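First up is the structure itself, then whatever we jot down about it.
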Amino acid sequence: MNTIILQNTKNIDHVRFNLTLVRHAATRANAEGTIQGLIDTELSNIGHLQSQALGQYLQYHRFSHIYSSDLKRAAETARQIRAFNRVSSCKIQYDSLLRERMYGIAEGRTRQWLRELAKESGIPYVNFTPPGAESTAQVRERVIKFFRNLCHELLKNSRTNLSVKFYIPNSLSQENNEQSLLRSISSENFISSQQTITNLIRKRSLSTGNIQIKLITNMIKTTSYQSSSFDSALDLLSVSSDQQSITSSISLLSRRSSFEKQQNLSKDLLHSSYKNNFSDFDILIVTHGAIIREFIKYFVYDLQVDIGQYLDTIQDIAPNTSITRFKVTYSINDDLNSMTTIKLIDYHNKTHLINSNNDKYNLDVVNKCSL
């Protein structure tokens with residue numbers, strides 16, 4: 001059977017994404033003011049409640065990618081967020097670049113002990129690096145490496161998914177707009193999916209008077225992330241790069257697109273805490289206080305991001321499970337020079353921890369290790 005192949009060859013030189021930074025939930029060490037660093041501590045009872053509250057707060061927000069430090073306290077927080085989420089299809093990707101700062105001999109010691117050591121050394125606390133520890137500059141290098149890797153990967157995915165092929169049987173080429181309902185396939189899926197669609201086409205029965213199409217249920221195993229700019233709370237069809245199979249029932253003569261179906265499905269759902277009419281991707285990063293601080297400092301000092309009134313608190317550690325959110329546009333010109341534009345959307349938001357009706361149930365506890 002003959003096939004018409006159309007290809008969109010438009011080049012893309014930029015990618016837009018929302019970036020959400022979340023600090024892990026509380027541990028006993030946090031409550032006691034103990035420096036953890038690379039000590040692999042677990043969440044406390046209050047920490048589990050915090051991560052569950054955060055998961056409920058974000059349950060209708062679709063993340064296209066979720067990254068986490070591989071240390072237990074961050075990983076468990078990320079798992080709770082993912083477990084509560086009803087609209088994300090991606091799996092968590094763990095990355096050692098997102099680990100907490102290594103504090104050397106200060107690990108297991110109190111923050112006050114470290115302050116005294118810095119004072120004895122004659123070095124301001126904010127600039128002091130204890131023996132065996134990473135410097136803040138080294139931590140920022142890790143942050144920059146992760147961020148640049150992320151930007152490059154998302155840009156690559158955007159370029160891949162703009163090269164789209166549509167497979168249209170000759171017998172249907174005169175049918176008004178029905179051909180638009182055929183599934184689009186990224187170039188990475190071309191070989192495996194061409195045979196799948198060919199098999200589906202054979203299942204149709206054609207008559208001389210009209211075209212009778214059988215409802216076909218097919219299983220397509222994807223190997224690349226399908227990007228979308230639809231509202232994050234509605235785009236339930238997006239598939240992540242972790243190779244997740246999806247089942248799609250497609251009627252070639254149906255006028256209802258999958259997005260329209262999801263619009264109807266989501267009428268009874270709560271909206272996401274954050275509106276997303278901006279991005280191609282929506283990224284969640286669950287990490288540690290020092291890492292989030294260096295992300296913000298990198299954005300402000302290197303990329304000239306305006307954070308307004310929060311500039312005076314740039315050295316503060318983010319509260320446990322707090323949300324800091326940015327809109328990012330990353331572009332590369334013809335000379336391969338990159339440019340990054342970032343806008344602050346939310347800063348250390350901990351609304352989900354506060355019970356305005358009963359202070360007894362507030363989860364916004366004082367973190368002695370942040371003082």
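The values are calculated or read from the model by the stated rules, or taken from the named source; none is laboratory data. These figures come from a predicted structure and were not determined experimentally. Every residue, glycine among them, receives a Cβ derived from its backbone with ideal geometry; neighbour counts consider all protein chains shown. With ligands, DNA and RNA removed, areas are computed over all heavy atoms of the protein, side chains included. Shrake-Rupley method; radii C 1.70, N 1.55, O 1.52, S 1.80 Å.
The figures follow:
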quantity: Selected residue [touching a residue at least 40 places away in the same chain (Cβ under 8 Å) and crowded, with 20+ Cβ neighbours inside 10 Å] from 53, 31; calculated: 53
quantity: Residues of region 121-136 satisfying the condition of being among the polar types (S, T, N, Q), under 32 Å from the mean Cα position of the chain (by Cα) and not in a loop (DSSP other than H, G, I, E, B); calculated: 127, 136
quantity: Residue that is least open to solvent (accessible area, probe 1.4 Å), among those in region 83-99 that are assigned to a strand (DSSP E or B) and not β-branched (Val, Ile, Thr); calculated: 93
quantity: Set 121, 68, 89: member being in contact with a strand residue (DSSP E or B) (Cβ under 7 Å, 6 or more places away or on another chain) and more than 21 Å from residue 32 (Cα to Cα); calculated: 68
quantity: Flag for residue 293 being surrounded by 17 or more Cβ atoms within 10 Å (Cβ to Cβ), part of a helix (DSSP H, G or I) and modelled with pLDDT of 95 or more; calculated: yes
quantity: Pairs, first touching a residue at least 24 places away in the same chain (Cβ under 8 Å) and under 10 Å from residue 298 (Cβ atoms) in region 132-150, second surrounded by fewer than 20 Cβ atoms within 10 Å (Cβ to Cβ) and of a type in the set (Asp, Glu), C-beta under 8 Å, six or more apart; calculated: 144/302
quantity: Tally, over region 338-362, of residues that are among the polar types (S, T, N, Q), under 21 Å from the mean Cα position of the chain (by Cα) and part of a loop (DSSP other than H, G, I, E, B); calculated: 0
quantity: Filter result for the condition that a residue is part of a loop (DSSP other than H, G, I, E, B), touching a strand residue (DSSP E or B) at 6+ places or on another chain (Cβ under 8 Å) and open to solvent by 60 Å² or more (accessible area, probe 1.4 Å), over 306, 335; calculated: 306
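The rows are residues; the columns are (1) assigned to a helix (DSSP H, G or I); (2) touching a helix residue (DSSP H, G or I) at 6+ places or on another chain (Cβ under 8 Å); (3) open to solvent by 10 Å² or more (accessible area, probe 1.4 Å).
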| residue | (1), (2), (3) |
| --- | --- |
| 41 | no, yes, yes |
| 47 | yes, yes, no |
| 76 | yes, yes, yes |
| 79 | yes, no, yes |
| 101 | no, yes, yes |
| 115 | yes, yes, yes |
| 119 | yes, yes, yes |
| 138 | yes, no, yes |
| 142 | yes, yes, yes |
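Condition check ((1) over 18 Å from residue 74 (Cα atoms); (2) modelled with pLDDT under 95; (3) within 17 Å of the chain's Cα centre (by Cα); (4) open to solvent by less than 30 Å² (accessible area, probe 1.4 Å)) across all residues:
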{"position": "265", "(1), (2), (3), (4)": "yes, yes, no, no"}
{"position": "278", "(1), (2), (3), (4)": "yes, yes, yes, no"}
{"position": "283", "(1), (2), (3), (4)": "no, no, yes, yes"}
{"position": "289", "(1), (2), (3), (4)": "no, no, no, yes"}
{"position": "297", "(1), (2), (3), (4)": "yes, no, no, yes"}
{"position": "316", "(1), (2), (3), (4)": "yes, yes, no, no"}
{"position": "323", "(1), (2), (3), (4)": "no, no, yes, yes"}
{"position": "364", "(1), (2), (3), (4)": "no, yes, no, no"}
{"position": "367", "(1), (2), (3), (4)": "no, yes, no, yes"}
